[in-house]
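All of the numbers you see were taken from the coordinates with simple rules; none came from a lab. Here the structure is a predicted model, which means the values were calculated and not measured. Neighbour counts run over all protein chains shown; Cβ positions are idealised from the backbone, glycine included.
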Amino acid sequence: MSNILVLPIIIPLLTAMTMIFFRRRVRLQQILAVVSLLLMTGINIFIVHRVSQQGIIVLDVGGWQAPYGISLVGDMLSALLVLVATFICLMCTLFAFGSVDNDHKVYFVYPFILLLTCGVNGSFLTGDLFNLFVFFEVMLISSYVLLSLGGKKLQLRESIKYVIINVISSTLFVIAIAYLYSITGTLSMAHLSERIAIIGQDGLLTTVSFLFLAVFGLKSGLLLFFWLPGSYSAPPPAIAALFAALLTKVGIYAIMRTFTLIFYHQPEITHTVIIIMAALTMILGALGAISHWEIKKILAYNVIVAVGFILFGVGVGSFDSLTGALFYLIHDMFAKALIFILGGAIISIFGTDKLRSISGLILFRPSLGWLFFIAALALAGVPPLSGFVGKVIILKEGITEGHLIMSVIGIATSLLVLYSVMKIFIHSFWGETLLSEGDQKATGTSSLLPGSILTALIIGMGLGAEWVLFYVQQAAEVMANPSLYVDAVFRRIN
Amino acid sequence: METFITIIAGVLFTVGTYLILNKNLLRIILGITIFSHATHLMLLSINGLKKGAAPLLGENAASYTDPVPQALILTSIVISFALTAFLLVLGYRTYVELGTDNMKQLRGNPHE
């Protein structure tokens, strides 16, 4: 029955391969994509349920036992993230139906979205560091193609930088894996955790952990985010929403996993560095968000602020702060997808993303306006919405653990985030309308269905926080007690 | 032998880094290729280059060659090969569309 873990990886892969044969039949591709993503969402809900009932699911691929073979491990953290990631892919695919132009559709945009899902799900589920690298590459190669698809000048210019930076950081990832293997002689995460617990984390291992931190920091936009604003504002809105909701989150997951399962023995060094990096990320991201006047740039910098905030929770490292970090991570995946979808709708209505040249949209698109308003409040963490719960848990735990300055930075940057998204709301929806009657085309309507579903989820996650926290706390428990994970992988449940 | 390969890897890392810091797009791509080759050599040397027995547990356990780095290199070579091919095509398209392969000019227009 543990074979179910392979389904979230293999279903998108097979669907994408099937879709390649039907290049010209866009409608068929759309149906296939939605059906397979719906099916995967159902399976993932079942996996989450099963993990919460019966504990961690482990699949030894090929029947090889854990330290020798590669295992897929579905603990609560992975299961929840896979569920959310698949659901967001579904929403972005729905948005892509109406917002991506026809040139993209025949050039395999849907297969590559599904391959991206395959890579993301694989990264979440794998229990082996080198396999993590391989799934990272599956995800990244799909993202390179999605970013450069269409071949506009801006896209090519940004994707060449994005590709070069990511290839170099992947090479560094292999180097880090090589060092770790030469020290410990294993790459299975559970085995690594066990061996490092026995031999102790000396200076050499801490140095290697910093190499990992640099690699995952590059991928997740923790401090090393210089590539992010440019490359997230180049692709079409649906792709940008997918990137913003998923790509950096995989890097965050990798940091969470490695620094709670493997390198957790010297938190006074590693976790302090993570917290300092998170503080700088939040400050610089917030400054970028308030200083720009283009919708895409503002939203891209908001991604960076959220990364800093989540990793502050990871850096504090207690059970409660990990709970908060995971809750906020899930909230942020929904909220980022939502705000990028709505922002993309605004851009496609006006044909530009310069805030100074758009205004008065509320007359034509009242529903879009209010959805955007709710999304903006959720991003900043205003009470009834989902961002609030995660923020409060992280900040409260940060103050209890003595990171007072960090908590002040967290609150201050939340206000700056609120200002930056409200700036978009006020400038694009209020004021004299610039659109004439003839201008109000049918553009932007495709955002309403995924937008409303995601908004409903954000409100639901805020109001039903206890119900979500039930699952999130199970995930945080495994993160706080790495031995649970190790014992499950080695089948030492007593 | 390990020392020799480590030194070679170090030299390749130096060359690769030098090329990546160039402004010319093609040289950057070449630099990335050399960089990944250096990584593969490093991977090969991490657990020693013992010559001799097959990697069977129990038989000649002292002198067997560790198969894991070789499996890792194989995967890594395939990935870097595919990425280099993609990067070359992307670089060519960028050169054709934008009319330049100078990274300084690819930074973007300050007034856009």
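At the listed q of 0.14 Å⁻¹, the Debye profile of chain A, built from one uniform point per Cα, gives log10 I(q)/I(0) equal to -1.44. Phi angles across the range B:8-18 convert, under the Karplus curve 6.51 cos²θ - 1.76 cosθ + 1.60 with θ = phi - 60°, into 3J(HN,Hα) values of 4, 4, x, 4, 5, 4, 4, 4, x, 4, 4 Hz, Gly and Pro given as x.
By the helix-only formula, in which each DSSP H run with n ≥ 4 contributes -39500 (n - 2.57) and the sum is divided by residues, chain A has a 222 nm mean residue ellipticity of -25500 deg cm²/dmol.
Mean partner shielding of peptide B:7-20, defined as the number of other chain Cβ atoms within 10 Å of each residue Cβ, is 1. When only Cα pairs below 8 angstrom with a gap of at least 6 residues are kept, chain A shows a relative contact order of 17 percent. Working note: Cα atoms of the range A:211-287, range along each principal axis, descending, whole Å: 43, 26, 16. Taken residue by residue and averaged, Cβ atoms of other chains lying within 10 Å of the Cβ of A:155-165 number 5.
For the range A:302-411, the convex hull spanned by the alpha carbon atoms encloses 99 Å³ per residue. For residue A:75, the shell of other residues with beta-carbons less than 14 Å away shows a net charge of 0, using +1 for Lys and Arg and -1 for Asp and Glu. Most tightly packed first, judged by the mean number of other beta-carbon atoms within 10 Å of their residues, the peptides A:43-56, B:33-46, A:324-337, A:448-461 read A:324-337, B:33-46, A:448-461, A:43-56.
Which aspartates and glutamates does residue A:423 reach when only Cα atoms under 16 Å apart count, and residues fewer than 8 places away in its own chain are ignored? Filter leaves A:294, A:353, A:432.
For residue A:407, the shell of other residues with beta-carbons less than 13 Å away shows a net charge of 0, using +1 for Lys and Arg and -1 for Asp and Glu.
Its relative contact order, with pairs defined as Cα atoms under 8 Å and 6+ residues apart, puts the range A:244-338 at 36 percent. Summing Lys, Arg as +1 and Asp, Glu as -1, what charge do residues with Cβ under 14 Å from the Cβ of residue A:343 carry, residue A:343 excluded? Local net charge: +4. Residue by residue along A:175-184, Cβ atoms of other protein chains within 10 Å of the local Cβ number 4 on average. Spatially, the range A:183-243 and the range A:345-378 are offset by 35 Å when compared through their Cα centroids.
The Cα-based radius of gyration of the range A:177-335, divided by its Kirkwood radius, gives an Rg/Rh of 1.01.
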